[in-house]
Structure formats: structure tokens, C-alpha cells
Amino acid sequence: MSGVSKSPSLPRPFVALGISTVSLAVVLILVLWSTLAPAMWAFLILIGLLAVISENFAPVIGNYAISLAMPLAVCAMLLQGPSAAALVAGASVLSAWTFSSRRGLVVSAYNMGQLILVSLAAGWFYLRLGGRLLATASVTSPFYAGDFPRVLLPLFGLAIALAVGNAAMTALGIAVLHRVRLRDTLESAITHVPSLLALVAVGILMAQVTATRFVALILFIFPLVVARDLYQRYRSLKDAYTDTIRSLVGAIEAKDPYTRGHSERVAAFAVEIGHAMSLDAKSCEKLETAGLLHDLGKIALPRSILTKPGRLTPAELSLMRDHPEAGAAMVNRIPSLSELSEYVVQHHERYSGSGYPSGNVGADVHLLSRILTVADAYDAMTSNRAYRAAMTCECARRVLLEESGAQFDPAVVAAFQRTWRDEVASPEAISVIGKPGTQSPEPAASGGA
Amino acid sequence: MSWSIGALVDAWGVAVVFGGCIVLLDWFDVSLPRGDSFGVSGALISSGFLVLDSQGRVLLGLVALSSVVVLYTLRHRGAGALTLEVSIGIRALAIAGLWASLLLVQLSAINFSDAIVAIFMASAYLGTELIATQTRLAASTKRPLGRLLRGNITRQTPIIAAQVSVSALVVITYPTMGAYGLVPVVAVLLLIRQSYAVLLQMRETYRTTVEVLVEAAEGQDDRLRGHADRTAHIAREICMRLGFSPSHVERASYAALLHDVDAIALSDEERDSQATGSSSLVLQDVEFLADVIPIMELCDGREVAGSVREIDVHIAMAVALAGEIDALRFDSVAQAHHGSVLRRVSVAASSSVKARVVAAALELGYRIPAVS
């Protein structure tokens, strides 16, 4: 697993981290070379070549690339020791920078350095726990049933050290690169540990097969290619998901000139506020989707009510006030989004308790709903409506401040103020910025004081 | 061959280890929307047959069959899932396929390597399982077996090849590592299973989301409510009747669900006055729907980017006809609008394409409009 995003201007701390990681890796390889030098160069070159090919086909999952070179590094480690694993891992990541344009030099260097360090540490740990190498200068000796259960502990130690070490180092790199909290990136990285453990298991099997019947390595092609292909299809579908919601909601809203683009802007503002409040990446993702869907219930309302220039009658007002519940009911029908229905149903609640549909007070309303309320109100105020013209951004900002503690959560309003800038917090500007990213390294999307 | 108690206990030891792994893998099988399931235990069942002796094979077969019973007893199966009897029948047939392939190997005069035999036997097991499952599906849905098999073999070959490879790996590592070698093998199989499961879950989520949003949008217009969903159902039926592969049926389904997305909430007059639709434009930025866009462009009467494939014309015709059929059945739906969609597609379709699609709809018992 390795950090992947290529950024046009890398933060200095990340550059420093990358240089120090690579330097440490190089020093360690040089110091340990005499004791750990691999015995069978021809074999190592072949494994390294396979790793290079695998790394350049690594499927990207979110901010992480699940590298299929990992099993080959494990294989090299078990056969020839930590330095062999370090060389295979290093060569594969370096090649990804050489052959592929998707990674920058410093990012690739960090990935290479961290993989080398983790491989060396895990290999050292394996040998310290009593593990043995399967290949020496001229003899290969696979694991035999008689070796078990004695070798289980070192193998288990190797797997844990590689998976956890790799996940932790990748999380560190992403946290520094994207200037997000280490806790968030660690939480995300930990979810990949089971997949990494499975890949380590593949590596153990590869080493055993190589030591038993080298040519049988070819049998690993289909399982690994299939796993990679399925992951990539999953990834492309996940990418398309938010785009599809955006397109369909946009098409629905396009019928009403007063609400065109409203949901997309609310989603963008809500994510801005979420970032300003240091919410984790998952919460920001939820904010984006909930922002896109928050007014879904309105499409069941007659257009005559939505576009009425004057004051609504009590009956019309009652219908209008049903829209959060109607929207929540629709969102609730999508199993993976049912959690968002709570935020959708509460987006017209007020901090003071005078909102609808339930009249919940303060913290009884979910934080994400309180954020949506501010984002929704700000966009509504700064957009033309059938019954009034748009306010200026400055005027809307003053209203938010005046209503802070009454209609709106003061903490959310304060966070919104921190993100506020003329060029960002206006409906026109947000449509120029385009799709808001939940972990975007772009300064323009993260707002500023 | 000895059937003494001692030999039976020895055979039990190994068969129980294999059996335990098979139960574990069966437990994690993935239920598929069409009623059957995706499992990865076949690789272990077939390799177990090769590394065990006769008693072990009998015991392994019994454990593999019992595993199905355990699964049905302890785990809830969704609506439309195969019954216990059918599932046991399919597994029994697959095991019979294993015995037959083993017999063939033993009768053969050629001394194949164990890895080659493992590949042959795993192919026999998984092939028999696939044929049995599709035969049952053909019988229950009255669809042509040959077409079902062709579509599924194309789609499932990589996954079957992956399982066959794993089966050969078991046979290679078992003589040295013994049952301990099954641990990494199970990990590899679970990795494949997990990759498939998350993909399937995401597809389901995607589809439900599109359905809910389209239905919500239709809710603005009493005359349209439920139209997209019904059209998708009819288009799916027509495409299945034409013997199209599951991926083409899925494309037809998405195209039908979304064919009116531009016209939602327009008045009848506004809708009928449009000479060209724009549904394809609404969704042109969604990469996942790139395969669906040419069909929607045909329905919209727009020029298709690149060359027009015959299969796309077939599907577009099915979608347009399905929309018109639904418009006829429910007078409230804007018929003139759907008539224009059908006319647009008819321009691009040859007479043989039209005839095939119309014949399929008639066979399904639908009352259809006149197609020029």
C-alpha cells in the first residue's frame, strides 16, 4: 500500500519526510549489505521484474494504491532475506515513478523509502523470531510439515509487521502530504490491513511454490489479476457514484430556475465548513452526499408552491414543511445511504428549537445537520427566489452572525466565518471551483481565513 | 484400500481440515441478485479430491454436501435464493463431475503431472457447477440455455481460471506443507471473494440510488410515476428473450431507467414539442454510464459518437419499444412523446432488427404499437 496522489506543489514537511525516509533506507541498506546480501541474483532479478510489472498495475483505492508487488517482496524476503525484499520493493516503486506519470518524484521516493524500511524491519523481526530463509546460495528448501507449528510465530510476526508498518507509514505520508489529521488517515489505513494480510499470505504461498517448483509461479497470475480487476471495477463505480447523484439532482433542479445548482452549492459549502471544523474525511463525504440530497423531498411539491412569488398559505406552508421528512424517506430507501436520512430530516431544525419537523434543540440536532442548515441558509439567501431578490454575500454573512445561537449553531457559524472569502463563498465562485473534494490538497477548495 | 477404523480416523483428520476450510469459504459466499451465489470453495473441494485417498474423498464429499445444509440452516437466504434441495443437487452434480474426471485420469494411459490433473479436475468441478446452475436458471426463466451459457462462460472465465489456478497451487504445496498450506490458500480465495463482494455491493447501491432518484423525480408528475421502472422491466425482459448477455441486459435496464430523465417534470406540450431528447447530455459526464450513453443517444435521436454498434441499436429499439408499450398500457403517460422516441430509433434500426425486437415483445405477450 502506498500514498499516491501527485500534487503540483508539495508541502515542505512532506518533502523533508520523503528525503529523510529515503536517506535512512539507503543508509540502512549500505550498513546491512554485508550481512544481508542476497545469494541468488538471477532469481532476484526475475522476482524484481515481476514486482515492477505488478506495481505499475496497482489498483488505486481512495488515496491508497494496493500494490501487488507486496506479495513478491514477501516472497523475496522469505527466500533470500530482508535485503532482497527491500531491493524488490524499492525497484518496484521506483519503476512506478519512472514508467508512470501518476506519481511525483518526491511521492515515489517516500513510497520507496517507507517500503524499504518496512521490509527491512519486518524481515529483521522475522529472523529474530526464529524464521528461516528458504533459499541459500545453491539449495532451496521449502517449509515442510515438520517445520510447523514452530514457523507459525515468525510468519505471523512478519505478516503483522509488514501490514501494520506499511499501513502506518502510508497514513503518515498522506497526513503530511494532504495536511490532514494523522488519526483520520490511520483510521482509513487500518481498514486496508486485512487486504494487506491476505497479500502477505499470497507472498508466503509464492515463496513456498518458488522453493518447491519455480515454474508454478505462473499460477499466481490469474488470482492476482482477477483480484486487481475486480478492485478497479469497484473503484471506477465508486467514482461514478457521486457524479451520478450530482447529474440526476442537477437534472431535477434544472426545471426550476430558482433552485438550479442549489444542492451542489450547499454540498460544497457544507464540505468547506466540515474542513474548517476539522471533521474527518468520512464525515466530509457524508456532508457532500447529504448536501446533494437534502432537498430531494421538495420534488414532490407542486411547482406552484415552489415558485409562488407571495407568502404561502397555511396549507401550502404545511406541505412545504413536509419536505425534510419526504426527502429522508427517499434517502432511507438506499441501504448504504440510510444513515444520511437523519441529516436530511433535520436540516430545517433550528438551534433554538423553533425549527421543523421535530423542534429539536441544540445538540439534539446532529452536527452534520447543523452544518447543512448553515450551508442551506447561506445559499438560499444569496440566490434569487420567486419571492425576493438575492442578498449580497456580505449581507448574508451578517444575517448568519445575527442568528448565531438562535437559528444557527454558533460553532458552525464561526467555522463558516473562518472559511469565508468573497471569491470562494459565493454561488458563482463555487460553480467555478467545481466539484468539491473531501481531501483535496488544492488550497482553493479548502478555503481560508 | 483399507476401511479399518484407524484408517478412517486418519482420513477424517485431513478431510476435516479441508472440510472446515470449505465450510468457512461457503459461509462467505456472496448472494447474487438472480438467486444463485458466488462461492470460492470449489477450488478446495477439487484439490482435496486429488490429495486425499478414497476414504478421504468420500468424507470430503459428505462434508461438502453437509456444508450446504449448515449454511441453509444457520444463515438467512434472501428472497429468490435457490432452495436447499436445488443447492444440494447442484453440488452433488459437481462432485459427480469430479469423480468422473478422476476416473478419466485414472483410465488414461498418460502420466500427467499433479498440477495438470488438478487443473483438469477443478475445471470439471467448476464447469459442472456452472452448467447445472444455468440449466436451473434456464428452466425457471424459460430462457435459452445455450445463450445463457455463452454469456456466463464469457463473464466467469477469469474467475474460474483464478480458482483453477488456486486448486493447482494446493496440490503443489500440500505434499510439503500439509494442511498448514491451506491457510494462505484460504486467504487468497477470500481475497478474490472480497474483491467480488465489494464490487457487487457497490453495483447494488448504485442501481438502487439511480432507481430512487428517478422515481423521486417522476413523483413530480402523476402521469409519469413508475414509468421508468416499468419500462426498465419490459426492456430487460425483451433483451433476455433476445438472448443478450447479462451486461447488455444491464445496459438496457439503465438506459430505460434514464431514458426520460430530461423530460421529467415537463408538461405534455413541452415534452411533445421536443424534436430531440437530451437525456444522454444530462449523464454524459458519468464514466460508469459510458456504455449506456450511445443507447441513450439513439433514443434521443442524436448522432452517436463513434460508430454505431448493432447491439446498441437492438438495445435502443428494445428500450424505445418498452417505453411505448408502457405508454399504451397506462394512458396517463405521454404517448406522443414516446411515439417520437420510437420513431427516432426506428430511423437507425434496420428492418431485421425491428422485426427481432418486435417478435420478442410479442412472444412475451405485450400489446405493441405499429412500428414503421
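Values computed for the structure shown
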{"quantity": "Extreme residue, farthest from the other protein chains (Cβ to nearest Cβ), among residues of the stretch A:332-363 that are within 17 Å of residue A:266 (Cα to Cα) and either hydrophobic (A, V, I, L, M, F, W, C) or open to solvent by less than 30 Å² (accessible area, probe 1.4 Å) (or both)", "calculated": "A:349"}
{"quantity": "So residue A:289, is it touching a residue at least 60 places away in the same chain (Cβ under 8 Å) and of a type in the set (Ser, Thr, Tyr)", "calculated": "no"}
{"quantity": "The listed residue being farther than 23 Å from residue B:160 by Cα and facing chain B (nearest Cβ under 9 Å), out of A:229, A:243, A:184", "calculated": "A:243"}
{"quantity": "Selected residue [closer than 30 Å to residue A:310 by Cβ, at pLDDT 85 or above and under 24 Å from the mean Cα position of the chain (by Cα)] from A:372, A:400", "calculated": "A:372"}
{"quantity": "Set A:165, A:157: member being away from every other protein chain (no Cβ under 14 Å) and within 18 Å of residue B:183 (Cβ to Cβ)", "calculated": "A:157"}
{"quantity": "Selection within the stretch B:325-372 - at pLDDT below 70 and under 21 Å from residue B:301 (Cβ atoms)", "calculated": "B:333, B:334, B:335, B:336, B:337, B:338, B:339, B:340, B:369, B:370, B:371, B:372"}
{"quantity": "Residue satisfying all of: in the stretch B:286-320; touching an Asp or Glu at 6+ places or on another chain (Cβ under 6 Å) and at pLDDT below 85; nearest to residue A:234 (Cα to Cα) among these", "calculated": "B:286"}
{"quantity": "Test: residue in the stretch B:226-235 that is within 12 Å of chain A (Cβ to nearest Cβ), among the hydroxyl-bearing types (Ser, Thr, Tyr) and at negative phi", "calculated": "no"}
{"quantity": "Single unsatisfied condition, residue A:264 versus (1) more than 7 Å from chain B (Cβ to nearest Cβ); (2) at pLDDT below 80", "calculated": "(2)"}
{"quantity": "Search result, residues across the stretch B:256-278 that are within 14 Å of chain A (Cβ to nearest Cβ) and modelled with pLDDT of 75 or more", "calculated": "B:257, B:258, B:259, B:260, B:261"}
{"quantity": "Residue in the stretch A:305-314 that is more than 12 Å from chain B (Cβ to nearest Cβ) and closer than 28 Å to residue A:242 by Cβ present", "calculated": "no"}
{"quantity": "Among (1) among the β-branched types (Val, Ile, Thr); (2) open to solvent by 20 Å² or more (accessible area, probe 1.4 Å); (3) in contact (Cβ under 8 Å) with a residue 12 or more places away in the chain, the one test that residue A:221 misses", "calculated": "(3)"}
{"quantity": "Qualifying residue in the stretch B:39-48 (condition: outside any helix (DSSP H, G or I) and at pLDDT below 85)", "calculated": "yes"}
{"quantity": "Residue under evaluation residue B:49, criteria (1) in contact (Cβ under 8 Å) with a residue 60 or more places away in the chain; (2) open to solvent by 20 Å² or more (accessible area, probe 1.4 Å), criterion not met", "calculated": "(2)"}
{"quantity": "Test: residue in the stretch B:174-186 that is at the interface with chain A (Cβ under 7 Å from one of its Cβ atoms), open to solvent by 20 Å² or more (accessible area, probe 1.4 Å) and within 19 Å of residue B:129 (Cβ to Cβ)", "calculated": "no"}
{"quantity": "Members of the stretch A:335-376 found to be outside any helix (DSSP H, G or I) and among the hydroxyl-bearing types (Ser, Thr, Tyr), listed by number", "calculated": "A:338, A:351, A:352, A:354, A:356, A:358"}
{"quantity": "Check on residue A:149, within 9 Å of another protein chain (Cβ to nearest Cβ), over 21 Å from residue A:80 (Cβ atoms) and not in a helix (DSSP H, G or I)", "calculated": "yes"}
{"quantity": "Any chance residue A:378 is among the aromatic types (Phe, Trp, Tyr) and open to solvent by 40 Å² or more (accessible area, probe 1.4 Å)", "calculated": "no"}
{"quantity": "Residue list for the stretch A:186-218, restricted to those being farther than 21 Å from residue A:133 by Cβ and in contact (Cβ under 8 Å) with a residue 60 or more places away in the chain", "calculated": "A:187, A:188, A:189, A:192, A:195, A:196"}
{"quantity": "Selection status of residue A:280, in the same structural domain as residue A:415 (by TED's automatic domain parsing), open to solvent by 20 Å² or more (accessible area, probe 1.4 Å) and farther than 29 Å from residue B:201 by Cβ", "calculated": "no"}
{"quantity": "From the options B:172, B:234, residue that is of a type in the set (Val, Ile, Thr), at pLDDT 90 or above, farther than 30 Å from residue B:17 by Cβ and over 18 Å from the mean Cα position of the chain (by Cα)", "calculated": "B:234"}
{"quantity": "Residue A:130 vs. criteria away from chain B (no Cβ under 14 Å) and outside any helix (DSSP H, G or I)", "calculated": "yes"}
{"quantity": "Any hit, the stretch A:209-222, residues being facing chain B (nearest Cβ under 7 Å), in a helix (DSSP H, G or I) and more than 19 Å from residue A:78 (Cβ to Cβ)", "calculated": "yes"}
{"quantity": "Selection count, the stretch B:108-129, where residues are open to solvent by less than 20 Å² (accessible area, probe 1.4 Å) and under 26 Å from the mean Cα position of the chain (by Cα)", "calculated": "4"}
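The rows are residues; the columns are (1) of a type in the set (Ser, Thr, Tyr); (2) in the same structural domain as residue A:413 (by TED's automatic domain parsing); (3) on the phi < 0 side of the Ramachandran plot; (4) under 34 Å from the mean Cα position of the chain (by Cα).
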{"residue": "A:288", "(1), (2), (3), (4)": "no, yes, yes, yes"}
{"residue": "A:305", "(1), (2), (3), (4)": "no, yes, yes, no"}
{"residue": "A:309", "(1), (2), (3), (4)": "no, yes, yes, no"}
{"residue": "A:313", "(1), (2), (3), (4)": "yes, yes, yes, no"}
{"residue": "A:346", "(1), (2), (3), (4)": "no, yes, yes, yes"}
{"residue": "A:351", "(1), (2), (3), (4)": "yes, yes, yes, yes"}
{"residue": "A:361", "(1), (2), (3), (4)": "no, yes, yes, yes"}
{"residue": "A:364", "(1), (2), (3), (4)": "no, yes, yes, yes"}
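The values are calculated or read from the model by the stated rules, or taken from the named source; none is laboratory data. Remember, predicted model here, so these are calculated numbers, not experimental data. Cβ atoms come from the backbone with ideal geometry, glycine included; neighbour counts cover every protein chain shown. Note: areas computed on protein heavy atoms with side chains; ligands, DNA, RNA excluded. Shrake-Rupley method; radii C 1.70, N 1.55, O 1.52, S 1.80 Å.
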